[in-house]
Ligand SMILES: Nc1ncnc2c1ncn2[C@@H]1O[C@H](COP(=O)(O)OP(=O)(O)OP(=O)(O)O)[C@@H](O)[C@H]1O
Ligand SMILES: [Mg+2]
């Protein structure tokens, strides 16, 4: 079956099915005058044959206008036969005098609308346009859902991943807080998105707060908002992330890095289901589901008194643990193919295959940066690969086994040599990108550790990584 594109509907033909030659001709004239291409058929059987023949050419109608009473296969039978096909076009029924009851029955069985004879030109056009518009919206909706689905698809068939996926499905429908734990790049955000998208709040906002990326003195205002003039620099009144997530899900990422003082306020907000903006006297009710993620051992942080025990219990109602990639190596080929396909899609070409040697190399690597590191490597490698398959050499090149290539960058980042820059600004950006990318790699993708080793503020490093799109 040909795939329908939402936009192509405007140019798609209309199929008119009626045993009355005069009506066929009248409709054909009216519709072609309006710029539609028109196909005609004198009964259901002929209409189905025509649809088959056109479908083989990749052509489908935007809408079908069908008479109710026809010799042989009548309107209802035609509707039923059509309904058995994948992605059937919308059908508007045409009923004769005294036939309205059957027309209503047809609508009950899936026709989108009906028209009464004698046909009024204007009414025909209005009904047709509405049917096509509705169809377009439905198709757009499906396309959107599909996109969302693949963006956050949780890949992995290893036993642990199967168990995790089942847990995610079970927990998604509940309101309980979930604490997602796993090393850097294991897929904590992917899991959080899945919990949101599979749950009853899917169409409501999903708000991510990276607790590590906010400077300590600003965290309260970021989370809860502030009133105008409540502190130096607060020139405007501002809504916080808690309020922005109202009705939906609040994802507290890197929760282990939240300062103690802010922890107390978050706990209060969660327990009372309300927030107080900085500088405000009254409270604002919020209805949110909370998900939190960390790559630290929060229980240990509780012992060390850097994390509040009461908040830990409040967040850890359902613990989900994502094992590191090296503990589920069977998932590597599946993930690798997924990322090769995604890269190919972005570059608008066929996906690269994976040679047996390359696959073996990927399966035996350590993956300190977990799935993110695997993804970055494959994205980089698919740019260099010259054959139809990713070879061992392609993988090694990007992995830095060849020092002359180790400074090369992934596709999204543009030029390769900072000295080739035309302006100082460009040079600075190129070099910073190379520098931070390398340092992050050296620290297994761990931002906190990278910041410590560089003697930089974590929030500052996050800004750089975001700016140069180094992480995601
Ligand atoms: N199971 C998976 N299936 C598909 N893609 C995945 C999976 N796990 C991770 N990824 C991809 O790997 C990258 C890192 O995932 P994600 O951001 O969810 O990790 P994280 O655990 O939140 O990392 P960090 O601790 O660094 O924030 C993303 O591009 C994500 O799409
Ligand atoms: Mg994350």
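Could you compute the FRET efficiency for residue 326 and residue 140, with r as their C-beta to C-beta distance and R0 at 41 Å, rounded to 0.05? Write down the numbers at each step before the final one.
Working: r = 41 Å, r/R0 = 1.01.
For R0 = 41 Å, the calculated efficiency reads 0.50.
What is the distance in Å between the Cα centres of the range 103-134 and the range 213-290?
52 Å
Specify the angular offset, from 0 to 90 degrees and rounded to the nearest 10, of the alpha carbon long axis of helix 424-442 from the longest principal axis of the alpha carbons in the chain.
Approximately 80 degrees, to the nearest 10.
Kirkwood-based Rg over Rh for the range 91-186 (C-alpha set), two decimals? Mind dumping the intermediate values first?
Working: Rg = 23.9 Å, Rh = 18.2 Å.
Reported Rg/Rh (Cα atoms, Kirkwood Rh): 1.32.
Using helices alone, what [θ] at 222 nm do you get for the chain, with -39,500 (n - 2.57) per DSSP H run of 4 or more residues, divided over all residues and rounded to the nearest 500? Write out the running numbers ahead of the final one.
Values: 19 runs with 220 residues, N = 472.
-14500 deg cm²/dmol, from helical runs alone.
How are the Cα pair distances of the range 326-408 distributed, in percent, across 5 Å bins from 0?
Going from the shortest bin to the longest, the percentages are 3, 16, 29, 28, 17, 7, 1.
Can you tell me which of 96-109, 458-471 comes out highest on packing, and rank the rest after it, using the mean Cβ neighbours within 10 Å?
Working: 96-109: 14.4, 458-471: 16.8.
Ranked by mean Cβ neighbours within 10 Å, highest first: 458-471, 96-109.
Pairs of Cα atoms under 8 Å, at least six residues apart: use those to get the relative contact order of the chain, whole percent. Spell out each step's value before the answer.
Working: 726 pairs, mean separation 50.7, N = 472.
Worked out over the chain, it gives 11 percent.
Once you treat every alpha carbon in the range 173-322 as an equal point and sum by Debye, what is log10 I(q)/I(0) at q = 0.10, 0.11, 0.15, 0.16 Å⁻¹?
Per q value, in the given order, log10 I(q)/I(0) is -0.33, -0.40, -0.74, -0.84.
Enumerate the residues in the range 248-262 having an amide nitrogen under 19 Å from the point lying 7 Å beyond the Cα of residue 231 toward its Cβ.
Only 257-262 pass the distance filter.
Per residue, what volume in Å³ does the Cα convex hull of the range 40-145 take up?
Numbers: hull volume 11.0 nm³, N = 106.
Enclosed volume per residue, from the Cα hull, is 104 Å³.
Express in nm, to one decimal, how much length is gained between residue 117 and residue 344 on full extension, taking 0.36 nm for each residue of separation and deducting their alpha carbon distance.
Working: separation 227, 0.36 × 227 = 81.72 nm, distance 5.31 nm.
Here the answer is 76.4 nm.
Counting only Cα, what are the radius of gyration and maximum Cα-Cα distance Dmax of the chain, in Å?
29.4, 87
Give the Kirkwood hydrodynamic radius (Å, one decimal) of the range 414-472, defined as one over the mean of 1/r across all pairs of different Cα atoms.
Values: mean 1/r = 0.0849 Å⁻¹.
About 11.8 Å for the range 414-472.
I'd like the antiparallel share, as a percent to the nearest 5, of DSSP beta bridges with both residues in the chain.
Numbers: 4 of 40 bridges.
Given both bridge residues lie in the chain, the antiparallel proportion sits at roughly 10 percent.
Determine, for 427, 312, the number of other Cβ atoms within 10 Å of each Cβ, and report the residues in order from fewest to most.
Working: 427 15, 312 18.
Lowest count first: 427, 312.
Measuring from label point to label point, each 7 Å out along Cα→Cβ, what is the residue 159 to residue 386 span in nm?
4.4 nm
Over the range 326-408, what is the mean sequence separation of C-alpha contacts under 8 Å (at least six apart), divided by residue count, expressed as relative contact order in percent?
That works out to 29 percent.
I need to check one value: relative contact order of the range 67-175, counting alpha carbon pairs closer than 8 Å and at least 6 residues apart, in percent. Mind dumping the intermediate values first?
On the way: 77 pairs, mean separation 20.2, N = 109.
Taking the mean separation of contacting Cα pairs over the length of the range 67-175, I get 19 percent.
Rule-based calculations on the coordinates, nothing more; no lab input. All figures in this text were calculated on a predicted structure; none of them were measured in a lab. Cβ coordinates were reconstructed from backbone atoms using ideal geometry, including for glycine residues, and neighbour counts include every protein chain displayed.
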